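One structure is given here, and the rest of the page talks about it.
The values are calculated or read from the model by the stated rules, or taken from the named source; none is laboratory data. A quick note: this is a predicted structure, and the numbers were derived from the prediction, not measured. As a convention, Cβ positions derive from the backbone with ideal geometry for all residues, glycine included, and neighbour counts pool all protein chains shown. Heads up: the accessible areas ignore ligands, DNA and RNA and are worked out on the full protein's heavy atoms, side chains in. Shrake-Rupley method; radii C 1.70, N 1.55, O 1.52, S 1.80 Å.
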Number of protein chains: 6
Amino acid sequence: MALKTLVILFSFLLVSSESALAQDFCVADTSGPQNPAGFPCKSPDKVTANDFVFSGFANPGNKSALVKSSFIPAFVTQLPGLNGLGLSLARADLDAGGVFPMHSHPAATEAFVVVKGTVTAGFISSTVNKVYSKTLNAGEAFVVPPGLLHYVINTGKVPAQVFVAFSSPRPGIQLTDLAWFKNDLPSDVVRATTFLDKDEIKKLKALFGGTN
Amino acid sequence: MALKTLVILFSFLLVSSESALAQDFCVADTSGPQNPAGFPCKSPDKVTANDFVFSGFANPGNKSALVKSSFIPAFVTQLPGLNGLGLSLARADLDAGGVFPMHSHPAATEAFVVVKGTVTAGFISSTVNKVYSKTLNAGEAFVVPPGLLHYVINTGKVPAQVFVAFSSPRPGIQLTDLAWFKNDLPSDVVRATTFLDKDEIKKLKALFGGTN
Amino acid sequence: MALKTLVILFSFLLVSSESALAQDFCVADTSGPQNPAGFPCKSPDKVTANDFVFSGFANPGNKSALVKSSFIPAFVTQLPGLNGLGLSLARADLDAGGVFPMHSHPAATEAFVVVKGTVTAGFISSTVNKVYSKTLNAGEAFVVPPGLLHYVINTGKVPAQVFVAFSSPRPGIQLTDLAWFKNDLPSDVVRATTFLDKDEIKKLKALFGGTN
Amino acid sequence: MALKTLVILFSFLLVSSESALAQDFCVADTSGPQNPAGFPCKSPDKVTANDFVFSGFANPGNKSALVKSSFIPAFVTQLPGLNGLGLSLARADLDAGGVFPMHSHPAATEAFVVVKGTVTAGFISSTVNKVYSKTLNAGEAFVVPPGLLHYVINTGKVPAQVFVAFSSPRPGIQLTDLAWFKNDLPSDVVRATTFLDKDEIKKLKALFGGTN
Amino acid sequence: MALKTLVILFSFLLVSSESALAQDFCVADTSGPQNPAGFPCKSPDKVTANDFVFSGFANPGNKSALVKSSFIPAFVTQLPGLNGLGLSLARADLDAGGVFPMHSHPAATEAFVVVKGTVTAGFISSTVNKVYSKTLNAGEAFVVPPGLLHYVINTGKVPAQVFVAFSSPRPGIQLTDLAWFKNDLPSDVVRATTFLDKDEIKKLKALFGGTN
Amino acid sequence: MALKTLVILFSFLLVSSESALAQDFCVADTSGPQNPAGFPCKSPDKVTANDFVFSGFANPGNKSALVKSSFIPAFVTQLPGLNGLGLSLARADLDAGGVFPMHSHPAATEAFVVVKGTVTAGFISSTVNKVYSKTLNAGEAFVVPPGLLHYVINTGKVPAQVFVAFSSPRPGIQLTDLAWFKNDLPSDVVRATTFLDKDEIKKLKALFGGTN
C-alpha cells in the first residue's frame, strides 16, 4: 500500500476524533466576562505562540521612593495563556533597604527564588503567630503558604532581584497598609479593629491617601 | 521627601500591579448564562456591599399544612456574592410535629445549628444502610455528609428554628416523594423501581400532583 | 417465592457491592497525622451519630475585656464528622461595642447570619482597597470572600449573637494585631514593613505580649 | 564519544531528578487507613501491572430473584490502581424484566453503555422533579448527573449487559428502599418523613429485613 | 384537610425553594464560548433526555489501514450532558494486529474494559521508565494513570472491542507520532529533541504528512 | 484596666480558638507514606523556617554530554514546605546547543523565565498537532499547558539559565526517549506503536540503556 494512502486513512481515523477533542488550553479572551473559573477561551484559530509569552521581565519595574521596590506581574491579564492553569509568575526588585510591606495573597501559594542580592523574608502563622523568617542569598528559594501575612526586605547592600511563582493565574495581593489606610474606612473603625492610636491612623491615612 | 511625593510614588508602584490583579470575588450576574463553575461575574464597578448581604432571615417562611415547616434559601440566586465561593446559607423552621421529609443534597455537605426548639435529625449511610440519628436542642449542631438521605423532625413541643450551611453556592435539594410522585413517571415504573404497592403509588401521586 | 428467600437473595446481591463501596464519610481520627486532605478516617465500626454532633453552641463563649467578644468554633477538631467535607461552623458573640478585630481566613469563605442584635461588618478588597461594609440586624446575612481582611463591630446597644459558616473544615484565622505584635518579630522589621511608628509598635507589642 | 559514556552521563542527569519526582500513580494500600483523598500509596517497589488490572467482568454476577439483576464493581477496593484517579468501572446485567431500583450515587457522575439488550433508564431532576428517561439499545450510552435518583429496567426480551463508569474511585450507591427499610429506623419516623402508609412500611421492612 | 389543599400548600413551600436551586446539570451549549470549566449551560427549558444520550457505539468506527483500529468518542461535544461532570466514554476497535500507537491523555485518567477479543496494553512510568503491561481478554479491565505514555495492541486473532472511560468530559489525546511528524516542526528540531536519525524523521514526516 | 490583664483576657479568647485551628501548612514528613493528596504533615512543633527554604539553586547542575543541560528540582522532596500547596520550582541550565529533549509533565502546568541567554521553546497541541514555538531572550517567560509534549533548545551562543515553576509540588517528567528506549519494552512493541524502524530502535535502546 502506498504511503500516501496510509496517510489519508490514518488522518481519516484521527480527524473523527480531533473534532471531539478538548482544547489543550484556554487562552484568555480578556475582553469577555470572567466567571469563577477564569476568562472565556479565545477562539483556537486566533491563538498564537505569543499568547504563551511574556516579555516584560528584562528590566526592573519603576521603584517607589517609599518602598524602594518594584513588582512586575505576569498574571493572566498579561499572559493570557495562563488562563485556568493554576500558575503565574512575577519579577520583583528591591534596592538596598527596599521592602515589600506586610501583605497576603488570598488563597494562593507563593514561592520565589533570589536571583541577585540578599533578602530577608518571613511569614507569620495564623495558629500561634509564629514567625518563619530567613535571610536568603542568590540561589535560594522560599515558600509562603496561602493567605498568610508575609514580607520581604532587602537586607543586603546591593539591589536584589527575585522571580516569583504563584499557584493561581489571578493571585490577589492585599497590602495591609493600603487595606487599612488607602480608602474611606472611618478612623474610628480602624481604631476599634486595629488598636492603633488615633494619631497613627491619621498619619498613615495621609501617607497612603485615605479619607475619613 | 514630602509625604505627598511618597504617596504618588507608592501609588504608582501599586497601580501597575492593580491592573493585573484577580477580582477578589465574582459576584453573580444572574442574568448571564451559567456554566459548570457558576454565573459570570458582575462588573466590579457595579458591585456594592449589598451584593454580599441577604436580609430575608428575620422571620420564618410560609409553612405548609402537610409538613408544617418552611425553608428560606440564601443561595447564589438570592445572595450573588456567594458565586464560586463554595458556601451558602438557609433558615429552616418547623412547628411542633413539623418535618423536612426524606431528601438529599446531590454533592453538597450540610451542617446546621438549632437556634430554638428541639429537633431529631438523621441520615442513612449508603454502605450498610445504618441510621445516624440524634435529638438536638438549641445550641447543638449536626453534619450531613454529601448526597445521603436525611430528614429532620421537630420532636419538641414548640416551634424550632434552624440555621443551615451548605458547602456549595448552588446546593440541590431532592425530596424523594416529589421525585417519585410529582411528575409523569409511569406508576408501573415507580412500582418496579421502588417495590411500593399500586394503591400506595396512586395515593401519593394524588397527594403530590403526579400523573400516569 | 417466600419473602425470606427474596431478602436473602437481594441481600446477597448487595453484599457483594457493599464491600466495594466508598465510605460515605471520613470521620476524623484526630489522633492520626494530618495530611493536605485532612485527618485519617476513624474506622467506620467506631463511628456513631455523636461524631456528627457538636453541643457547644448553647451559650456564648468567654469574652475578653479587650474585645468584648467570644468565638466558639465547631471545626473538624471539635466536630470530627466535618473531616474532608468543605464546611464548618462557629458561634460568635459581641457585647455592645464589642469587636472582632481585623483578620482574614486564609483560603476560606465566610458567611454569617445575625441571630440577635446589630453588627456592622466590612471587608476590604485587595484590588482597589475598597471597603464593602454594612450594618446588619437580626435576620441578615453577610458574605466575606476568601482571604480578605474584614472586621465585625457590635454597633447596637445590646449583645449580638452570630452564627458563622466557613467553606473549610479547618479554616485558619489570622488576626493582624496578633500576627504583628504577639511574637518575636523584631520591632525594626515591623516598622519597615508596616510604616507604624516605633512607639506604637512598642505599645502594641506590650499589649499583645510580643518581644523584641 | 562512546555511546556507553553518553548513557552514563545522561543517566546521571536523570537520576538526580528521578529521586525528586512524584509518583505517577498512588496504588491503594487497602490495608492502610483511608483519608478524605483515598488510601495511602503502596510502595512503588511493590506495584506491578496487576495492580492496574481487574479480571472479574467476564461473566455476569449472581442475580437475585427480587431484582433479576447483578452488579460487579471495579472500584478502588477491587482495582487499587484507581486510587486518587477520579474514575471507576462496573458491569451490570439485567434479565428481562430485571431492574436496578431507585438509587443515587452521592457526589459521583455515572455514564454507561449498553453492550447487549435493551434497557430503559431514567433520572429525576431535583429542581422541578422532571423525569429524563430513554429506552436504550445496544450501542447507546446514557449519563446520570451526580447525586440524582435514577433507575434502570430491562424493557427488552433478552438479558441486557451494561458497562458503567463513575467519576470517582469510590462512588457510593444509595438504594432508597434499603435506606428506608433495611435498618432500625422507627416506622413512625419512616412514615412521618416519607408519607407512606403504616402497612406499606411494615411490608417493606419485612421484605428488606428492617426492624422497628 | 382535603388532599388538594395539602398539595397546594406543599407545593407552595417547595416553589419558593425551587427557584433558588442550582441546576442539577449543565448541559453544554456547544455554540457558546468555552471557559476553563467547560461550555456554558443550555437553558434548562430546552434540555431533553436526548442531551444525556449517545447513540453511536453500535458499530465500530472506520479503521485505517495503517493502524487497523478505530475510535469513537462520546466526549462533551458528542454527549453534551457530560459538561462539567468529570467523565466521558469511547468505543475502540482493533483488528487482529491493530494498534493504538503511543499516546497520552494530558491530565485525564483512562480505564477500559475489553468486551471482545484479546489486547495487550501497557503504560510507562515517568519516574523510572518502567513498563506496566498486561495481555487482557474479554472481561478484563485496565487503568492508565493520567498523562503517561501508553499503547494498546490487538495481540489476539480476532477483532477486539473495548469500552473506554476517561475522568474528563474533554480528555485530550496526544499521539506522539502525530505531534512529532504531522506538522511543520523543523527536522533539525525533531532531531535535536528526539535523537532520531535524519532519514527516519524524513520518512515519518512523509508518512504522517509533516513538512520542513 | 491594666495592660497585663487585657493581654491575659485576649489571649484566653484566642487560645480557645487556636486549638481548633487548621494547620496553616502541612510540611511534608517525607518518611511517611504518600497518599493521593501528598505526604503526611510533619508535627508543627518540629517545623522550622528551613522547611520552607531551598538552597540549591546557586549553581547549575551537572550537565550530561548528550544533552548539555542540567536540571535542579525544588519539588516537595527537596522543599517539604511545598506539600499540598500546588506549586514547585526548578532551575534549568543549557550550554550553547544544549537541549531538554521532548517530554511532558503529566497533569502539571509549567511556566519559566529566561534569566540568561537565549532559548527556543515549543509545545505541540494534541488537537491539531500545531507547534507553538518561540525564541526567548533573557527577561522573557513561556507557558506550557499541562501534559503536552514540549522541548527547549539553547539556540544562543552562550549558556542559558532558566527558572521554572510547576503547578504541582510533585510534577512528573516523562521524557519520550527514556519511556521508549530505557527499559525492557520489546522492540517489536516499540516498532508497532511508534512506526520507527527496527535499526533506529536498536540504536536508541543501546544509547539509553534499554533491553529486548
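General remarks:
- Subset tally (residues that are among the aliphatic types (A, V, I, L, M), within 14 Å of chain B (Cβ to nearest Cβ) and either part of a loop (DSSP other than H, G, I, E, B) or touching a residue at least 40 places away in the same chain (Cβ under 8 Å) (or both)) for the range A:165-206: 3
- Selection count where residues are buried (at least 20 other Cβ atoms within 10 Å of the Cβ) and either within 7 Å of chain F (Cβ to nearest Cβ) or more than 20 Å from the chain's Cα centre (by Cα) (or both), scope the range E:137-147: 2
- Picking from residues in the range F:34-76 that are at the interface with chain D (Cβ under 7 Å from one of its Cβ atoms) and touching a helix residue (DSSP H, G or I) at 6+ places or on another chain (Cβ under 6 Å), the one that is surrounded by the fewest Cβ atoms within 10 Å (Cβ to Cβ) is F:65.
- Residue in the range D:100-112 that is farthest from the other protein chains (Cβ to nearest Cβ), counting only those that are part of a loop (DSSP other than H, G, I, E, B) and open to solvent by 10 Å² or more (accessible area, probe 1.4 Å): D:107
- For the range E:67-82, the count of residues that are part of a loop (DSSP other than H, G, I, E, B), at pLDDT below 95 and more than 18 Å from the chain's Cα centre (by Cα) is zero.
- Flag if residue D:97 is assigned to a loop (DSSP other than H, G, I, E, B) and open to solvent by 10 Å² or more (accessible area, probe 1.4 Å): yes
- Residue check: residue B:182 meets all listed conditions (1) within 22 Å of the chain's Cα centre (by Cα); (2) farther than 24 Å from residue D:155 by Cβ; (3) open to solvent by 30 Å² or more (accessible area, probe 1.4 Å); (4) not polar (S, T, N, Q) but one, namely (2).
- In the range C:30-51, the count of residues that are in a loop (DSSP other than H, G, I, E, B), farther than 26 Å from residue F:42 by Cα and not aromatic (Phe, Trp, Tyr) is one or more.
- Taken as a whole, the range B:124-135 holds at least one residue that is in a loop (DSSP other than H, G, I, E, B), out of contact with any Lys or Arg (no Cβ under 6 Å at 6 or more places or on another chain), open to solvent by 20 Å² or more (accessible area, probe 1.4 Å) and not charged (D, E, K, R).
- Counting residues in the range B:113-121 that are buried (at least 24 other Cβ atoms within 10 Å of the Cβ) and at the interface with chain D (Cβ under 8 Å from one of its Cβ atoms) gives zero.
- Conditions (1) within 25 Å of residue F:64 (Cβ to Cβ); (2) under 12 Å from the mean Cα position of the chain (by Cα); (3) more than 9 Å from chain E (Cβ to nearest Cβ); number of the one not met by residue F:86: (1)
- Residue among E:133, E:187, E:125, E:168 that is of a type in the set (Ser, Thr, Tyr), assigned by TED's automatic domain parsing to the domain that holds residue E:84 and farther than 20 Å from residue D:89 by Cβ: E:125
- Among (1) assigned to a loop (DSSP other than H, G, I, E, B); (2) closer than 13 Å to residue C:164 by Cα; (3) assigned by TED's automatic domain parsing to the domain that holds residue C:116 - the single one residue C:86 does not satisfy: (2)
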